[in-house]
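These notes are about the structure you will find just below.
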Amino acid sequence: MLSFWGSIDETVVEIRTMSLLRLGRRLESLDLNIRLKSDWEKINEILKGGVLTNAEMLSVVTDEAKTLRLKELIEHRTGKNDGKDTSEILSCINSMFKA
């Protein structure tokens, strides 16, 4: 994986393409950590560490309402993930891009 992302960093020069790749990477990580019930601190780190920034940069192809709802569902939670709202969070992740 490190080789893959290293080659992406070296070869992709178009900022929107890079943002799309990074958003996909962060959404996959967010999805996995929600399903595995990681602590909310880790989930928040993923959300703020790439999902929100890259989704904003790609506002032409991302659904702003889904992005904002995802932020609302996650950003103020702390401690152990009890699985509450998992299906709605996953739904937001899975419908982040406009049709």
* Over the chain, what per residue volume does the convex hull of the Cα atoms give, in whole Å³? -> 94
* To do: Skip the ligands, DNA and RNA, and give the accessible area per residue of the chain with a 1.4 Å probe, whole Å².
  => 63
* Hey, got a sec? Which GluC sites (Glu not before Pro) in the stretch 1-66 land in a DSSP loop and have at most 13 other Cβ atoms within 10 Å? -> Glu14
* Asked: By how many degrees, between 0 and 90 and to the nearest 10, does the Cα long axis of helix 2-11 differ from the longest principal axis of the chain?
  -> 50
* Would you please give the FRET efficiency between Met18 and Lys98, computed as 1/(1 + (r/R0)^6) with r the Cβ-Cβ distance and R0 = 25 Å, to the nearest 0.05? => 0.80
* GNM flexibility winner over the chain from Leu27, Leu70, Leu36 (Cα, springs under 10 Å) -> Leu36
* To do: Just flag the trypsin sites (Lys or Arg not before Pro) in the stretch 3-75 sitting in loop per DSSP whose Cβ has no more than 13 other Cβ atoms within 10 Å.
  => Lys37
* **Helix axis angle, 64-74 relative to the chain longest principal axis, alpha carbon, degrees** => 50
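The values are calculated or read from the model by the stated rules, or taken from the named source; none is laboratory data. The shown structure was predicted, so the numbers you read here are calculated from the model rather than taken from an experiment. Glycine gets a Cβ as well: all are built from the backbone with ideal geometry, and neighbour counts include every protein chain shown. The protein model used for the area step is the full one, side chains on, heavy atoms only, and it has no ligands, DNA or RNA in it. Shrake-Rupley method; radii C 1.70, N 1.55, O 1.52, S 1.80 Å.
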